[in-house]
Amino acid sequence: MTDTTSLFTPIAFAGIELGNRAVLSPMTRTSAKDDGRVHHDMVDYYRDFARGQFSLLITEGIYTDEAFSQGYANQPGLANQAQQNSWRCVVDAVHQQSGRIVAQLMHAGAQTQHNRFKDEVVAPSESRASGEMLSFYGGTGPFPLAREISESEIHAAIAGFATSARLAKEAGFDGVELHGANGYLIHQFISERFNQRDDAWGGDALARLAFPLAVIRSVREAVGNDFPVGMRLSQGTVTEPSLQWQGGPDAARERLARLMDSGVDFLHLTGGDIQTPAFPEAEDEADRQLSLTSLAAQVRTAQRANVTLITNGGIDNLEKAEVALTQADLVAIGRSALANHDWPKRIKRGTCITPFDFGMLSPLATLGNEEDWRIANDKPANCEGRC
């Protein structure tokens, strides 16, 4: 395999220089210490992906305050000095391997499975996340009924994102990604499924962007203009993947345009396969063929926006990566990266791609369980000449 493909072409955006277009997708691993500090296994875990030539790593979702943001047991935080100090080892390990790392900042909202600070759950409006809590993240039974978040709590949540972003910058991270996808709080404010408010935080499709835009402004004020800030977006949630944004493709274009004009440096689009139509029932036949990433690419061209696009969803081989890169600038690899920590190396060599096996996340999606699976199946995370 040569380096002439788009996947192995260098790129620079917002001051970050990358040697290729392969990004580690954020994935919940529930392997931090009980108090939200990084466990030493996480240092090796992230170092492994950088050594495997993922040029950019996006961390698992990190909770942002000591109130309502935590969503999982053993989720890492970035809400205090001790947690910040624990992340420095991860950042240094990635940088030593010539990788770059972005902290994904997350508030769980209604999709909370565990929170050590609060006994209740909040959401934009009183609501309950669909389906059952995820057992491989330590949950059982239905999600709790979330009460409507108050005005003061909204401002506290916004401040939490800003504080975490500042702590991330001080810890040496190369940027932050605000988690506005998969059913967490920012996504909940965007979605009519969770947001039926009639105040300044609710309304029609564009009005429901008030919270994410406020978070972006606050984070930008906290970190300045020289630090990359992005947002991950999806239509579906963790337990309701078929959920769609209200208003169809035209309203989606308006949302994306507003977000691209908000001061973000990148948008990370996810949901289903990279070619899954975002609105398969749209009136216009051409719109029925467009993925969320395709819609974002259209908007970027129309606006001439200086926003980098990352796409994610079912990318497990070179062919799919190259197709994705016709619409986006970077491809985020999830499940295939879990199975192959050196996925870019293996793709470049044309050898030894281990298929993803859900046994890696069963019974729990912990790093220890992954290691046990590898030993039992003789599947190393890195080839290191064995392929």
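The values are calculated or read from the model by the stated rules, or taken from the named source; none is laboratory data. This one's a predicted model, so the numbers in the text were calculated from it and none came from an experiment. Reconstructed Cβ throughout: ideal geometry from the backbone, glycine too, with neighbour counts over all protein chains shown. Each accessible area value is taken on the protein alone, full model and side chains, heavy atoms only, with ligands, DNA and RNA left out. Shrake-Rupley method; radii C 1.70, N 1.55, O 1.52, S 1.80 Å.
Taking (1) more than 22 Å from A302 (Cα to Cα); (2) more than 19 Å from the chain's Cα centre (by Cα); (3) among the small types (G, A, S); (4) surrounded by 16 or more Cβ atoms within 10 Å (Cβ to Cβ) in turn, A257 satisfies each apart from (1). Of all residues assigned to the stretch 207-228, at least one qualifies as being open to solvent by 40 Å² or more (accessible area, probe 1.4 Å), farther than 23 Å from Q81 by Cβ and either of a type in the set (S, T, N, Q) or at pLDDT below 95 (or both).
Residues of the stretch 59-76 include at least one that is in a strand (DSSP E or B), β-branched (V, I, T), at pLDDT 95 or above and within 20 Å of R166 (Cβ to Cβ). If the condition is being surrounded by fewer than 18 Cβ atoms within 10 Å (Cβ to Cβ), over 18 Å from T5 (Cβ atoms) and hydrophobic (A, V, I, L, M, F, W, C), then the stretch 302-325 contributes only A302. Look at P344 and say whether it is surrounded by fewer than 16 Cβ atoms within 10 Å (Cβ to Cβ) and either aliphatic (A, V, I, L, M) or closer than 22 Å to I315 by Cβ (or both). So P344 fails the test.
Is at least one residue of the stretch 263-270 touching a helix residue (DSSP H, G or I) at 6+ places or on another chain (Cβ under 8 Å), surrounded by fewer than 18 Cβ atoms within 10 Å (Cβ to Cβ) and either on the phi > 0 side of the Ramachandran plot or among the acidic types (D, E) (or both)? Checked the stretch 263-270: at least one residue is touching a helix residue (DSSP H, G or I) at 6+ places or on another chain (Cβ under 8 Å), surrounded by fewer than 18 Cβ atoms within 10 Å (Cβ to Cβ) and either on the phi > 0 side of the Ramachandran plot or among the acidic types (D, E) (or both).
Residue count for the stretch 22-42 under the criterion of being open to solvent by 20 Å² or more (accessible area, probe 1.4 Å) and either over 30 Å from Y72 (Cα atoms) or not in a loop (DSSP other than H, G, I, E, B) (or both): the result is 2.
What do you reckon, is V121 free of Cβ contacts under 8 Å to residues at least 60 places away in the same chain and hydrophobic (A, V, I, L, M, F, W, C)?
Numbers: free of Cβ contacts under 8 Å to residues at least 60 places away in the same chain: yes; hydrophobic (A, V, I, L, M, F, W, C): yes.
Yes, satisfied.
Scanning the stretch 56-76 for residues that are over 17 Å from N182 (Cβ atoms), open to solvent by less than 10 Å² (accessible area, probe 1.4 Å) and in contact (Cβ under 8 Å) with a residue 60 or more places away in the chain turns up just one, L56.
So that you can scan it fast, the table gives a plain yes or no per residue for (1) at pLDDT below 95; (2) out of contact with any helix residue (DSSP H, G or I) (no Cβ under 6 Å at 6 or more places or on another chain); (3) not in a loop (DSSP other than H, G, I, E, B):
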| position | (1), (2), (3) |
| --- | --- |
| A79 | no, yes, no |
| W87 | no, no, yes |
| S98 | no, yes, no |
| I101 | no, no, yes |
| Q104 | no, yes, yes |
| R116 | no, yes, no |
